1. Report yes if residue 92 is at pLDDT below 95, surrounded by fewer than 18 Cβ atoms within 10 Å (Cβ to Cβ), within 19 Å of the chain's Cα centre (by Cα) and assigned to a strand (DSSP E or B), otherwise no.
2. Residues in region 143-162 that are surrounded by fewer than 24 Cβ atoms within 10 Å (Cβ to Cβ) and assigned to a helix (DSSP H, G or I): how many?
3. So, residue 17, is that one crowded, with 16+ Cβ neighbours inside 10 Å and outside any helix (DSSP H, G or I) or not?
4. Test residue 165 against the stated conditions and say whether it is touching a helix residue (DSSP H, G or I) at 6+ places or on another chain (Cβ under 7 Å), surrounded by 16 or more Cβ atoms within 10 Å (Cβ to Cβ) and outside any loop (DSSP other than H, G, I, E, B).
5. In region 63-84, which residue that is in contact with a strand residue (DSSP E or B) (Cβ under 7 Å, 6 or more places away or on another chain) and assigned to a strand (DSSP E or B) is surrounded by the most Cβ atoms within 10 Å (Cβ to Cβ)?
6. Checking residue 207 against (1) touching a helix residue (DSSP H, G or I) at 6+ places or on another chain (Cβ under 9 Å); (2) buried (at least 19 other Cβ atoms within 10 Å of the Cβ); (3) assigned to a helix (DSSP H, G or I), which test does it fail?
7. Quick check, is residue 199 assigned to a loop (DSSP other than H, G, I, E, B), buried (at least 19 other Cβ atoms within 10 Å of the Cβ), modelled with pLDDT of 95 or more and touching a helix residue (DSSP H, G or I) at 6+ places or on another chain (Cβ under 8 Å)?
8. List every residue pair whose Cβ atoms lie under 8 Å apart, where the two residues are 6 or more positions apart in sequence or sit on different chains, the first residue falls within region 265-294 and is on the phi > 0 side of the Ramachandran plot, and the second residue, located anywhere, is crowded, with 17+ Cβ neighbours inside 10 Å and not in a helix (DSSP H, G or I).
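The values are calculated or read from the model by the stated rules, or taken from the named source; none is laboratory data. This is a predicted model, so every value here is computed, not measured. Methodologically, a virtual Cβ is constructed for each residue, glycine included, from the backbone with ideal geometry; neighbour enumeration extends over all protein chains shown.
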C-alpha cells in the first residue's frame, strides 16, 4: 500500500508566450483548471501505475474542493483520511511557456491544516510505502517520518519545494528525491557539496537527484548511478516530478528493485512531459508499459 500525506490543490494553468519577469504582465490566450497539488499528483501517479493508495490531506468547504478531488476519486484513491476545514482549498497559478517550462505560485490554504495524526499507526507497517513532500507543514511531516520509521514503513520524501526540515527526520528516510534547485538548497543548508554522493554521505539515505533533460543520478551505499533522460519533445513539465515520485513509490511497493523502479518512473515522467496539464498528464500503467517496451 502507498500512503501519501501531502497537498491537494486546484491548479489554474496559463499558457503564455514567455514566463513573466518581476513586475511584468504577459497575456496568454486561455486558462485551464484541473486538480493538482504535489501530494495529490503523486497519489494519482501511484494509483494509475497500479498501486493501492491512501491519501491524507485537507481541503476547504468551498467550491474548489470538489474539482480538486476529481481525479483522486476517478483513480480510486482512498480519501477517508482527507479532512474538510473552513480554510480555502489550496490553489496554484501555473504559467507555462511554449517550451514546456513553468513558474508556479501556490496559495497553501487548507494544506497547512493537514495533520499527521490523520494517518493511524496501523497503516505505517513494513508493507507500506509512505510518500511525502513539502507543501504541508514541515513539522507535521517530520513527526510522521519519525512514526513511520518506528513502525517499519518505507519512507520517500520529495523535498519539493525546498524547505527546512530537521536533519534527524532526513536521516530516517529510505529515499530522498530532489531536483537540481532543491539539491543546491539542501547542500547549502547542510553545509556539504552539491551532489548526490555528498548528500548520501551526509544523510546516509538513498539520494535520487533529478537533472531534467540531463537525466538523473542515484547515490546508494554502493555508489552512484547515472541514468540519461528519455528522448522526448516536452510540452509541459508541470507534474513530471510528481509523476516520477508516485510511479517510483508504486514500483517499489510492488517489490521492484531501485534500478527497475527508477527506470519505470523515468519513463512515466517522460510521457507526462509530452502532455499538457497537471494530474491529467500522468500516464496509466498500460501507457508506461508500452513506452518501456515499444514495438520492434
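1. no
2. 6
3. Here the answer is no, as residue 17 does not meet what is asked.
4. No, not satisfied.
5. 82
6. Residue 207 satisfies every listed condition except (3).
7. Judged against the criteria, residue 199 is not a match.
8. Pairs that qualify, where the first residue is on the phi > 0 side of the Ramachandran plot and the partner is crowded, with 17+ Cβ neighbours inside 10 Å and not in a helix (DSSP H, G or I), are 277/13; 277/34; 277/236; 277/238; 277/239.
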